[in-house]
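Encoded as structure tokens, the structure appears first; notes follow it.
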Amino acid sequence: MQNAKEIQVALQNLLQEESAGTQEEVCQALQNQGYSVNQTKVSRMLRKLGAVKTKDERGNVVYWRPKEPPPPELSSRVSSLIIDIVANETTIVVHTSPGSASLVSRLLDYQQKNIEILGTVAGDDSIFIAPKSVANIEKTLQRVKELLS
């Protein structure tokens with residue numbers, strides 16, 4: 001019996017090749033390598049690995065695994081990582097637990113349209129946020145606080 005880790009490694013290798021455009025093609029490619037899988041199992045594994053559909057250089061739609069996973073879901077509590085959120089007339093600064101700024105910064109950047117920011121710069125325990133408009137900094141500050149609470 002094949003273990004799930006072996007199948008996962010084979011699937012990751014297949015995703016790096018960017019050669020499969022459908023779950024059926026992924027399933028067939030794994031079966032050709034001797035793995036016993038079905039479409040349901042492949043679907044679950046693709047979701048677990050964070051695979052997405054994208055276009056390759058020839059314009060074909062293929063499954064691909066980004067090198068970097070998406071930020072954590074907002075349902076996970078990041079508020080425990082936040083020490084303070086302050087602002088002046090031009091900049092918002094988030095103080096986090098040591099080592100947490102990068103994670104929180106990714107979450108903010110991922111939501112930049114919703115909270116009206118241009119982007120973030122993260123250190124070890126501080127995040128500088130550039131608001132889209134300094135005229136609306138209070139509104140942006142409030143959205144950042146709501147997102148992180």
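Charge tally around Gly123: other residues with Cβ under 15 Å, Lys/Arg +1 each, Asp/Glu -1 each, net -3. Rolling a 1.4 angstrom probe over the chain with all protein chains present gives an accessible area of which 49% lies on carbon and sulfur atoms. Taking a Cβ cut-off of under 11 Å around Glu18, the surrounding Lys, Arg, Asp and Glu residues balance to a net charge of +1, with basic ones at +1 and acidic ones at -1.
Legend: Rg and Dmax of region 1-40, from Cα coordinates, 9.3, 27 Å. The residues of the chain have, on average, 62 Å² of accessible surface per residue, using a 1.4 Å probe with all protein chains present. Other residues with beta-carbon under 13 Å from the beta-carbon of Lys53 carry, at +1 per Lys or Arg and -1 per Asp or Glu, a net charge of 0.
Using Cα springs under 10 Å in a Gaussian network model of the chain, which residue among Gln23, Gln112, Gln33 shows the largest mean-square fluctuation? Checking each option, the largest mean-square fluctuation is seen for Gln33. Counting every pair of alpha carbons in region 25-149, the share spaced more than 27 Å apart comes to 39 percent. Considering only Val37, Val94, Val78, the mean-square fluctuation computed in a Gaussian network model of the chain, springs between alpha carbons under 10 angstrom, is largest for Val37.
The values are calculated or read from the model by the stated rules, or taken from the named source; none is laboratory data. Only a predicted model underlies this, so the values are computations on that prediction, with no experimental measurement involved. Please note: Cβ atoms are built from the backbone with ideal geometry, for glycine as well, and neighbour counts cover all protein chains shown. Keep in mind that these areas ignore ligands, DNA and RNA; they rest on the heavy atoms of the full protein, side chains included. Shrake-Rupley method; radii C 1.70, N 1.55, O 1.52, S 1.80 Å.
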